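Laboratory data are not the source of any read-out in this text; all were calculated from the coordinates shown. Values in this document were obtained by computation on a predicted structure and should not be read as measured data. Backbone-built Cβ (ideal geometry, glycine too); neighbour counts: all protein chains shown.
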Amino acid sequence: MVSESRVQELLSPFGLQLASEQIGRLSTYLDLLLRWNEKINLTAIRSAEECITRHFGESLYLARFAELRGGLLDIGSGAGFPGLALMIAFPQLQVTLLEPVAKKRAFLKEVARLCELLQSVEIRPERLDEFVLFGIGSAQFDGASSRAVGQLRELIPKAARCLKPSGSLFLWLSQDQGRAALAAGRNWIDWTDPVPIPLSDRRQIWRGIKLSYEF
């Protein structure tokens, strides 16, 4: 178990100061992540301290420059980063996690239960294209997020369809992926300047606002 003071120290490069209750939830989440990771493939990172910086620090860093409210759609949640982790900073959020793998959904549900977040989390089995095709989340969400990003040309317009007018899309990208995002979002998203992630030379958080028109 990583001590509270050590958690604060590891998160300090991100400018994050968490209350004891928030660190308690992070520690519960971390313990489950490490234990479940021995049985199912949730993350390639095995070190508790590296999980705190790479997963929790990079996810929660969004709280330094964005205030999340209302409903958040997290696309391809996997082990819950960033969507479920963001509830540590924004417990008032209503978060919908899209995760097609049943074992990973079971993990997400257990984290939400033990962190007392279950009433504010919906865990769904659809992939994004199914979620959009069936009209489940059309123009419903104030924000959408994805950290395990791929196929941006398809992801960005589909994510935009799930956002309310002027809703925000948050993507954790490499610099090369950022250039692809600019092209993929041209008719859908107005991007702000990307924010470099501490302790990384190439990773960035991209924020875009849904355009009020579509081509």
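Tell me which aspartates and glutamates have Cα within less than 20 Å of K158's Cα, excluding those fewer than 8 residues away on the same chain? In chain and number order, the partners are D74, E99, E122, E126, D129, E130, D142, D190, E214. In this structure, L118 and Q175 have a Cβ-Cβ separation that, at R0 = 35 Å, corresponds to a calculated FRET efficiency of about 0.40.
Dipole of the chain computed with +1 at Lys/Arg Cβ and -1 at Asp/Glu Cβ about the Cα centre; of G143, P157, N41, farthest Cα towards the positive end is P157. Converting phi to 3J(HN,Hα) with the Karplus coefficients 6.51, -1.76 and 1.60 and the offset θ = phi - 60°, segment 168-180 yields 10, 10, 10, 10, 9, 10, 7, 4, 5, 5, x, 5, 5 Hz in sequence order, with x at every glycine or proline.
Axis of helix 152-162 versus longest Cα principal axis of the chain: the two differ by about 90°, to the nearest ten degrees. At full extension, L182 and F65 could sit 40.1 nm farther apart than now, given 0.36 nm per residue minus the alpha carbon distance.
From least to most packed, judged by other beta carbons within 10 angstrom and beginning with the fewest, S145, S59, S120 follow the order S120, S59, S145. Residue by residue, segment 60-76 carries 3J(HN,Hα) couplings of 6, 4, 4, 5, 6, 9, 9, 10, 8, 9, x, x, 10, 9, 9, 9, x Hz when phi is fed to the Karplus relation 6.51 cos²θ - 1.76 cosθ + 1.60 (θ = phi - 60°); x denotes Gly or Pro.
By DSSP, the beta bridges lying fully in the chain are antiparallel in about 40 percent of cases. Within segment 116-154, the GluC sites (Glu not before Pro) that combine a DSSP coil assignment with at most 16 other C-beta atoms in a 10 angstrom radius are E116, E126.
What you get for segment 70-215, charging only the Cβ of Lys and Arg (+1) and of Asp and Glu (-1), is a dipole of about 180 debye around the Cα centre.
Bridgeable lysines around K109 (alpha carbons under 19 Å apart, same-chain partners fewer than 8 residues away excluded): K39.
Compute the angle between helix 102-114 and the longest alpha-carbon principal axis of the chain, please, reported from 0 to 90 degrees and rounded to the nearest 10. That works out to roughly 60 degrees. Each residue in E4, E38, E58 was given a count of other beta-carbon atoms within 10 angstrom of its own, and listing them fewest first yields E38, E4, E58. Among the trypsin sites (Lys or Arg not before Pro) in segment 1-69, those placed in a DSSP loop whose Cβ has at most 15 other Cβ atoms within 10 Å are K39, R46, R69.
Farthest toward the positive end of the dipole of segment 1-152, out of G83, Y29, P100, is the Cα of P100, where the dipole comes from beta carbon charges about the Cα centre. In the chain, if the dipole is taken from +1 on Lys/Arg beta carbons and -1 on Asp/Glu beta carbons about the Cα centre, which of L68, A184, S20 is farthest to the positive end? Towards the positive end, the residue furthest out is A184. Of the options (1) 19.2; (2) 18.6; (3) 17.3, only one is Kirkwood radius over Cα pairs in Å as computed from these coordinates, and that is (3).
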